[in-house]
1. Pop out the ³J(HN,Hα) list for region 63-68 in order, Karplus 6.51 cos²θ - 1.76 cosθ + 1.60 with θ = phi - 60°, rounded to Hz; leave Gly and Pro as x.
2. Modelled label-to-label distance, Ser167 and His124, 7 Å Cα→beta-carbon offset: nm?
3. Filter the trypsin sites (Lys or Arg not before Pro) in region 55-118 to those in DSSP coil with at most 16 other Cβ atoms within 10 Å of their Cβ, and list the result.
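Derivation of every value follows stated rules applied to the coordinates shown; laboratory data play no part. Keep in mind that what you see is a predicted model, and the values were worked out from it rather than measured. Cβ atoms come from the backbone with ideal geometry, glycine included; neighbour counts cover every protein chain shown.
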Amino acid sequence: MSLFFKLDNPADLPEATKREYIEEPYVKLEMITPEEFVGPLMELAQERRGNFIDMRYLIMGRTTLVYEMPLAELVTDFFDHLKSRSKGYASMEYSMIGYRRDDLVKLDVGVNGETIDALACIVHREKAYGLGAELCKKLKEIIPRMQFKVPIQASIGGKVIASQHLSALRKDVLAKCYGGDISRKKKLLKKQAEGKKRMKSVGKVDVPQEAFKAMLSVKRD
């Protein structure tokens, strides 16, 4: 007997060994556009896993493109791209049509070895690697540097698929060490390295609010 769970938080998704499949909400999308932008908008829909359904020619050189598409591909920046590729002339509307099964995975994001549940998302496997790399890159730009090196990783089922490292702030411990006493310099550098190692094991990295907003703006093409 199968049990079905409706989730609204990716962090609550059961492990891969405890689920058979994942379904995602689909919508019927209609884009109304001047004929000269039909090509670019069809490319956009295909990039977002859209299934072509129909194309209808309207009056005054306008065309309606009908697609069925995952809601997740639509709710982030699809409208912005639609306006950009049509120079502002196209419009769109959509309606829910149900749920469909697909090859979906949970993408986790970790900072300094700690998984950030609020940054987890469910994505198509084919897009997970590119999205993971883009997220890590974006977080590296946003998170402030610490006194220790901070790893930023994207993973699927515990397997790291993309990573970045936030370099540590460097303090010149030799600034007041005059002369050529090499043994004293080595001792100071060793003490600094041990301190950073200890700080990394107990240090906490605060992820700024901008990081969660960046989740919605990463490139999904």
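1. 9, 10, 9, 10, 9, 10
2. Using points 7 Å along Cα→Cβ, the separation is 3.8 nm.
3. Qualifying residues, ordered by number: Lys87.
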